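A short write-up of the structure that comes next.
Every read-out reported here was derived from the displayed coordinates using simple, explicitly stated rules and does not represent laboratory data. Keep in mind that this is a model prediction, so the values were computed, not measured. A quick note on method: Cβ atoms are made from the backbone with ideal geometry, for glycine too, and the neighbour counts reach across all protein chains shown.
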Amino acid sequence: MGALAIYPGSFDPVTNGHMDLIHRALKVFPRLVVAVAVNIRKHPMFTPEERVEMLTEALRGVNGVEVDTFSGLLVDYARHRQASIIVRGLRALSDFENEFQMAHMNRRLAPKLETFFMMTGQEHFYVSSQTVKEVAFFNGDISGLVPEVVLDRLRAKNGRSKDQPAE
Ligand code: PNS
């Protein structure tokens with residue numbers, strides 16, 4: 001059995017940028033846990049259960065991946081799962097500073113836990129959970145940027161029916 005890697009995040013909601021990263025991480029790490037953070041300081045649009053449901057649906061049929069939740073410190077969850085690797089995606093320079101801080105803090109807390117960065121595919125550089133939520137809120141077209149299940153859930157959250165197209 002290869003090393004267990006954890007891909008943690010808010011996933012509020014999962015985007016195709018996350019999906020791309022999961023598929024590429026699975027080529028490196030045969031066992032990957034996508035871990036939804038429960039007690040994030042941001043105010044999430046979706047509950048942890050909804051975020052897990054969307055990920056589970058989007059990842060149906062994908063081998064080697066598990067969806068889970070965690071609360072508290074990521075290093076404690078990693079220890080509990082006996083994982084040795086944290087996977088994080090990097091989009092542009094703007095991601096770097098925060099990721100750099102987090103990786104170093106995590107290394108200080110758990111020196112044996114390695115953070116592994118992967119570049120997000122260039123077609124997803126501008127995609128974030130935040131921007132897709134905002135565009136969807138104003139009824140803009142986000143098809144192709146998120147899995148189908150997320151399109152449906154965002155429409156429902158914004159009070160629109162499935163057949164109502166973006167204006
Ligand atoms: O998708 P996000 O919001 O960029 O994910 C950030 C996340 C959830 C991975 C990060 O905030 C986290 O690990 N939170 C758990 C608390 C923790 O361990 N903090 C210490 C790292 S500085």
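Couple of notes before you dig in:
- Relative contact order of segment 87-167, defined on C-alpha pairs under 8 angstrom at six or more residues apart (%): 26
- In sequence order, segment 54-60 has phi-based couplings of 5, 5, 4, 5, 5, 9, 4 Hz under the Karplus curve 6.51 cos²θ - 1.76 cosθ + 1.60, θ = phi - 60°, and Gly or Pro positions carry x.
- Extension gain, Phe137 to Met105: 0.36 nm times the residue separation minus the Cα-Cα distance gives 8.0 nm.
- Based on Cα atoms of segment 69-167, Rg over Rh with Rh as the Kirkwood radius reads 1.09.
- Between Glu114 and Thr47, the modelled label-to-label distance comes to 3.9 nm, taking each label 7 Å out from Cα in the direction of the beta carbon.
- Taking amide H as placed 1.01 Å from N in the peptide plane, Arg31 has its amide H under 5 Å from the amide H of Ala5, each at least 5 places away in sequence or on another chain.
- Estimated [θ] at 222 nm from DSSP helical runs (n ≥ 4, -39500 (n - 2.57)) normalised by residues in the chain, nearest 500: -12500 deg cm²/dmol
- Contact order normalised by residue count of the chain, Cα under 8 Å, 6+ apart, percent: 28
- Segment 47-114: proportion of alpha-carbon pairs further apart than 16 angstrom, %: 60
- Pairs of Lys in the chain closer than 29 Å at Cα, counting only those 8 or more apart or on different chains: 7
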